[in-house]
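J.: The structure follows.
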C-alpha cells in the first residue's frame, strides 16, 4: 500500500470552488482510495492506494470525478509520501542564515516543467525573495513575507504556462506528519 498526498488547486469551504472536506474525502473513498483524510479546508487529502496505478492516472481520475460530482474543473497534484519527505533534503533554502519556515512555500506543479518553461523565469530576480525549480516543485522563500512578493502561484502560472498550487512550509510539515502515521 502506497501513501499519497493530493493538493487540489483553488478548493475552499466557501465562495469559489466550495467543496466540503467530508464530501471530498467521501469522493476519494468512493473511487476505491483508502483512508482518505483531509487537512485544513484547502483540498489537501492524504490517502492510500495499492501503488499499482501511476500518479498521473490517479490525478486524472480524481479530476474527472470532481468535475462530475461537483462541477468544478480543478487540477489535482499528487505526491507520494516519499516525494513529500524528500522536500526536506532538496529544499535549497533550509540552510539559509536566519531561515524562517513561516516565509517558505512550495508550489506543487501538475507536470514537470520543460526547459523552455524554466527558461521563461531563469532571469527573474526580485530580491530578497528567491525561488528554485527542482523537478515538479518550485521552492519559494520570501524573507520579508508573502504580502508583497511577486513570486507566487499566479506569477509562475502566467509566466511559465504551468499549473500548480502552493502550500506553506508549516502545512507541508503537518501533512507529512499525517502521512507518516499511515505507514
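The values are calculated or read from the model by the stated rules, or taken from the named source; none is laboratory data. Since the model is a prediction, treat every value here as computed from it, not as a measurement. Virtual Cβ from ideal backbone geometry, glycine too; neighbours counted across all protein chains shown.
J.: Could you count how many residues in segment 104-152 are free of Cβ contacts under 8 Å to residues at least 60 places away in the same chain and outside any loop (DSSP other than H, G, I, E, B)?
T.: Here the count works out to 19.
J.: Does segment 163-171 contain at least one residue that is in a helix (DSSP H, G or I), more than 27 Å from residue 48 (Cβ to Cβ) and at pLDDT 95 or above?
T.: No - not one qualifying residue is present in segment 163-171.
J.: Please work out which one of (1) farther than 20 Å from residue 167 by Cβ; (2) in contact with a helix residue (DSSP H, G or I) (Cβ under 8 Å, 6 or more places away or on another chain); (3) surrounded by 15 or more Cβ atoms within 10 Å (Cβ to Cβ) is the condition residue 81 fails and give its number.
T.: (1)
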